[in-house]
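Engineer: Got a structure for you, written out below as structure tokens; questions coming shortly.
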Amino acid sequence: MEKLVILGGAKLSGEVEISGAKNSAVAILAATIMVKGKCRIENVPHVSDINVLIDIISGLGGKAQFASKGVVEIDCTDLNKYEADWETVRRIRASSYLMGALLGRFGHARVGMPGGCDFGVRPIDQHIKGFKNLGAEVEVDHGMVDLKADRLIGDNIYLDVVSVGATINIMLAACLAEGTTVIESAAKEPHIVDVANFLNCMGANIKGAGTDVIKIKGVSELHGGEFSVIPDQIEAGTFMIAAAATGGDVTITNIIPEHMESLSAKLEEMGVIIDEYDEAIRIRTNGKPLKCANVKTQPYPGFPTDLQPQVLTLLTTANGTSLVTENVWDNRFKYVDELNRMGAKISVDGRVAAVEGRPNLTGAPVYATDLRAGAAMVIAGLMAKGVTEIYNLKYIDRGYENLEEKLRSLGAQIARRNDSGNVRADIG
Ligand code: EPU
């Protein structure tokens, strides 16, 4: 079985460049389904979720491929199917965007219920509510969602839950609807703005993305063009935390500092020194143990749930007891058992984890229980004394481009191995 092997203790130092945002790129790739013409998308991370989406688009009759590093060329002019089977789409959560995109394009979409990381119930009721408001008939049977509309007609849609996925999905379908759609209580994550910018570049008329009211005036067609995806806020945050966790000195480039504000503020509260530049952030510590801090996840601009496992890992060796509250997902603490096996002291009660700081973690074999939990295990391995082996790498590969190469360039002792022998001597 493939595993990552980390010999902990190296302080990360140097410069690392952040890749394009995975959660933006998956939505943009799905959006190209509605475009008649060629799209050239730059700054696309080469991660497995993107490969799956390229396969899905090709399976639907579109042309999609990596033309060069970070550049995906897509032409969906001749895309001719509106059905994406369950076997394919269950592999990624972002396949839910096929619903909005195919519905917008054909007035008909048949898509398997989406998969993705498992942290509790992942409903799509708000997506469905939005599609129904636009005039679609929706049926769910045998794991497939069938959406049909003779005409999509703009409407006012109030989301009962702030949902990234529902906001993007409704925005997609509404682009090619008749009249104006207003999404109220919309999510405001940076990648929502990015998807809206992409659609506008291709001829859509979307205003207000990044606020909680988005107005979409339907247009009759989207045309091809070029677009560059924003830097990945969560990858950037993962490197910021890894740098702080190892007491290192790392400059992170291709980053939008304002997207990092909730994390930067929290790290500063813990005693991390942060210097912000136009498109870079330098992270270092004063060599002393970090202070405990309480963290509550919230939709953007709050503290991102996708950085919760990583920051909690950092807090395992902070001075004092920290409380980490997960407000977005029902069950995103599955990974704490792995950290406890590395010597952490964490107890979970419902949505709150109490993290009692210990002097250090110790290496152990651990499992990545989902994508961001996998990143947390990597950070734990970098912090720990001794060797950590991380299994279940498929999760990490879904969302981090060249993670171990990037960490190695900063001085981490990390290697990917297939064997089960003594790897300590191989690292570094
Ligand atoms: N929700 C509903 N009904 C819905 C949709 C969502 O109740 O119809 C609830 C969810 O159960 C959850 C909350 O609303 O409690 C937020 O869910 P959201 O729809 O915002 O999440 P998502 O679109 O499925 C995206 C990211 C996740 C990230 C969340 C929250 C993508 C592909 N995924 O998921 O990213 O955690 O937003 O920010 O963009 C990751 O990258 O590791 C990841 C899981």
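Engineer: Can you find, among V72, A353, Q298, the residue sitting farthest towards the positive end of the charge dipole of the chain, where Lys and Arg contribute +1 and Asp and Glu -1 at Cβ?
Structural biologist: Most positive-ward Cα: A353.
Engineer: If a paramagnetic tag sat 7 Å from the Cα of S68 along the Cα-Cβ line, which residues of the range 223-238 would have the backbone N under 16 Å from that point?
Structural biologist: From the range 223-238, the list is 226-229.
Engineer: Let me check I've understood the local charge: for D397, count other residues with C-beta under 14 angstrom from its C-beta, Lys and Arg +1, Asp and Glu -1. What total comes out?
Structural biologist: +1
Engineer: Moving on. Which of S95, S13, S68 ends up with the largest GNM mean-square fluctuation for the chain, with Cα atoms connected below 10 Å?
Structural biologist: S68
Engineer: Separate question: In whole Å, how far is the Cα centre of the range 230-271 from that of the range 402-418?
Structural biologist: 19 Å
Engineer: Could you bin all the Cα-Cα distances of the range 233-345 into 10 Å bins starting at 0 and give me the percent of pairs in each, rounded to whole numbers?
Structural biologist: Final binned percentages: 14, 48, 32, 5, 0.
Engineer: Further, regarding this structure: Leaving out ligands, DNA and RNA, and with a 1.4 Å probe, what % of the accessible surface on the range 244-393 is carbon or sulfur?
Structural biologist: Numbers: 2640 of 5680 Å².
With neighbouring chains kept in place, the figure for the range 244-393 is 46 percent.
Engineer: Another question about this same structure. Give the residue from L7, Y395, N327 lying farthest towards the positive end of the charge dipole for the chain; charges sit on Cβ (+1 for Lys and Arg, -1 for Asp and Glu) and the dipole is referred to the Cα centre.
Structural biologist: L7
Engineer: Over the chain, what is the mean sequence separation of C-alpha contacts under 8 Å (at least six apart), divided by residue count, expressed as relative contact order in percent?
Structural biologist: 20 percent
Engineer: Could you size up the charge dipole of the range 22-228 around its Cα centre, putting +1 on the beta carbon of Lys and Arg and -1 on that of Asp and Glu, and report it in debye to the nearest 20?
Structural biologist: Magnitude of the dipole: close to 360 debye.
Engineer: Ok, one more. Take the alpha-carbon centre of the range 108-177, take the same for the range 75-94, and report the distance between them in whole Å.
Structural biologist: A separation of 15 Å, based on Cα centres.
Engineer: Here is a follow-up. With a cut-off of at most 12 other beta carbons within 10 Å, and DSSP calling the residue loop, which chymotrypsin sites (Phe, Trp or Tyr not before Pro) in the range 1-110 qualify? Please list them.
Structural biologist: Taking the range 1-110 and a limit of 12 other Cβ atoms within 10 Å, no loop chymotrypsin sites (Phe, Trp or Tyr not before Pro) are found.
Engineer: Note down the relative contact order for the range 29-171 as a percent, whole number, built from C-alpha pairs under 8 angstrom at least six residues apart.
Structural biologist: Reported as a whole number, the value is 21 percent.
Engineer: With a cut-off of at most 13 other beta carbons within 10 Å, and DSSP calling the residue loop, which trypsin sites (Lys or Arg not before Pro) in the range 20-125 qualify? Please list them. Please list the in-between numbers first.
Structural biologist: Working: sites: K22, K36, K38, R40, K63, K69, K81, R90, R91, R93, R105, R110; in loops: K69, K81, R90, R91.
Passing sites in the range 20-125 are K69, K81.
Engineer: Rg/Rh for the range 1-141: what does it come to with C-alpha atoms and Rh from Kirkwood?
Structural biologist: 1.05
Engineer: Could you compute the FRET efficiency for N360 and A280, with r as their C-beta to C-beta distance and R0 at 25 Å, rounded to 0.05?
Structural biologist: After rounding, the FRET efficiency stands at 0.25.
Engineer: Would you tally the net charge around K69, using a Cβ to Cβ cut-off of less than 11 Å, leaving K69 out, and scoring K and R as +1, D and E as -1?
Structural biologist: Values: positive: none; negative: E42, E401.
Its environment carries a net charge of -2.
Engineer: Hey, another quick one. Just to confirm the number: angle between the C-alpha axis of helix 22-31 and the first principal axis of the chain, 0 to 90 degrees, nearest 10?
Structural biologist: Value to nearest ten degrees: 10.
Engineer: Using the C-alpha gyration tensor of the range 22-228, what are the square roots of 5 times its eigenvalues, in whole angstrom, with the largest one first?
Structural biologist: Semi-axis lengths for the range 22-228 are 22, 19, 17 Å.
Engineer: Could you work out how far apart the two model spin labels at N418 and E2 are, taking each label as a point 7 Å from the Cα in the direction of the beta carbon, and quote it in nm?
Structural biologist: 1.0 nm
Engineer: Okay, moving on. As an exercise, find the ratio Rg/Rh for the chain from alpha-carbon atoms, using the Kirkwood inverse-distance average for Rh.
Structural biologist: 0.98
Engineer: Here is a follow-up. About its Cα centre, what dipole magnitude does the range 256-342 give when the only charges are +1 on Lys and Arg Cβ and -1 on Asp and Glu Cβ, stated in debye to the nearest 20?
Structural biologist: Value, rounded to 20: 480 debye.
Engineer: Next up: Leaving out ligands and nucleic acids, note down the accessible area per residue over the range 22-228 with a 1.4 angstrom probe, in whole Å².
Structural biologist: 38 Å²
Engineer: Would you compute, from DSSP H runs of 4+ residues alone, the mean residue ellipticity of the chain at 222 nm, taking -39500 (n - 2.57) per run and dividing by the full residue count, rounded to the nearest 500? Intermediate values should be presented prior to the final figure.
Structural biologist: Details: 14 runs with 133 residues, N = 428.
Taken over the chain, the calculation gives -9000 deg cm²/dmol.
Engineer: Sticking with this structure for a sec: Run the dipole for the range 1-85 about the Cα centre, Lys and Arg Cβ at +1, Asp and Glu Cβ at -1, nothing else charged, and hand back the magnitude in debye, nearest 20.
Structural biologist: The dipole magnitude comes to about 140 debye.
Engineer: Using the charge dipole of the chain (Lys, Arg: +1 at Cβ; Asp, Glu: -1 at Cβ; taken about the Cα centre), state which of C175, A25, I273 has its Cα farthest towards the positive end.
Structural biologist: It is I273, whose Cα lies furthest towards the positive end.
Engineer: Using 0.36 nm per residue, how much length does the chain from R408 to N51 gain when fully extended, once their Cα-Cα distance is taken away? Provide the component values of the computation, followed by the final result.
Structural biologist: On the way: separation 357, 0.36 × 357 = 128.52 nm, distance 2.44 nm.
Full extension of this stretch gives 126.1 nm more.
Engineer: So for the range 19-64, considering every pair of alpha-carbon atoms, how many percent are separated by more than 16 Å?
Structural biologist: So the pairs more than 16 Å apart make up 30 percent of the total in the range 19-64.
The values are calculated or read from the model by the stated rules, or taken from the named source; none is laboratory data. None of these values were measured; they are calculated from a predicted model. Every residue, glycine as well, gets a Cβ built from its backbone with ideal geometry; the counts of neighbours run over all protein chains shown. What goes into the accessible areas is simple: the full protein's heavy atoms, side chains included, and nothing from ligands, DNA or RNA. Shrake-Rupley method; radii C 1.70, N 1.55, O 1.52, S 1.80 Å.
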